[in-house]
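The structure appears below as structure tokens.
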Amino acid sequence: MIKRRNIRRSVYGLLIVLIAGNVWLGRKRRLSTVWSRIQDPVT
């Protein structure tokens, strides 16, 4: 039982880390695109 609970905790932790990383990367990409647009208003 304890091992199963630990596995569940580790799986949930990995999912949270992956989701947080994807959101952070998405925000970073958005910021970079906005910054590039501000630098080059022609495009």
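Brief remarks follow.
- Boolean, Arg9 is among the charged types (D, E, K, R) and at pLDDT below 85: no
- Condition check for Lys3: surrounded by 10 or more Cβ atoms within 10 Å (Cβ to Cβ) and basic (Lys, Arg): no
- Boolean, Ile19 is in a helix (DSSP H, G or I), of a type outside the set (Phe, Trp, Tyr) and over 22 Å from the mean Cα position of the chain (by Cα): no
- Arg29 vs. criteria at pLDDT below 85 and surrounded by 10 or more Cβ atoms within 10 Å (Cβ to Cβ): no
The values are calculated or read from the model by the stated rules, or taken from the named source; none is laboratory data. Quantities reported herein were computed from a predicted structural model and do not represent experimental measurements. Neighbour counts run over all protein chains shown; Cβ positions are idealised from the backbone, glycine included.
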